[in-house]
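Since the structure comes first, as structure tokens, the remarks are kept for the end.
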Amino acid sequence: MSRVRKPGILRVMTKTPIREGSTRERTWEAKSNVSDTEMACPRQIENTYKLTPDDEKKFRPGKVERVMKETLTEYLTDVEYEKTLGQRMSKMLADTIKSKVKEFKWTRYKLVVHVIIGENREQDITAGSRFLWLDDTDNYASTTFSNKSLFALAVCFGVYYE
């Protein structure tokens, strides 16, 4: 590899074999605003080694429950249950809830939102989930909604990652 230095342009020539006995030249050009030492050693960012979030940046289940309740009420108040409604509507509600919760800007939290919609025939439903997490940093929020024809269960998990 050879370098040809001209003012304002960094030119790098490489020869890459295409077939046995033949070579092809490639040229990359970039503006030379950066010195050669900076190009050889790009800036590295150090780890923070932060194992827990700051108190103001923790996942707050109360805020999330409020957002989920408002979203479910807004979208499902006058809706009649249909068999094909559940899948599309639950995906749309999960995406909406997730985008609203992301507006809280809790850094380093992975969000998982799960929404279940079913027909309301005055039956009971039991939902369970299992996670491997830390009680100090990870949390969840859940809420329900029901009208004459349908019920909805929304759960949002906030898992802190280091």
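Each value in this text was obtained by applying a stated rule to the coordinates, not by laboratory testing. Predicted model, so just to flag it, every value in this text is computed and none were measured. FYI the Cβ positions are ideal-geometry reconstructions off the backbone, even for glycines, and counts take in every protein chain you see.
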Taking the Cβ of residue 117 as the center, what net charge do the other residues with Cβ under 13 Å away carry, scoring Lys and Arg +1 and Asp and Glu -1?
0
Are any of the pairs 91/148; 69/102; 57/98; 110/148; 83/110 more than 25 Å apart by Cα-Cα distance, and if so, which?
110/148; 83/110
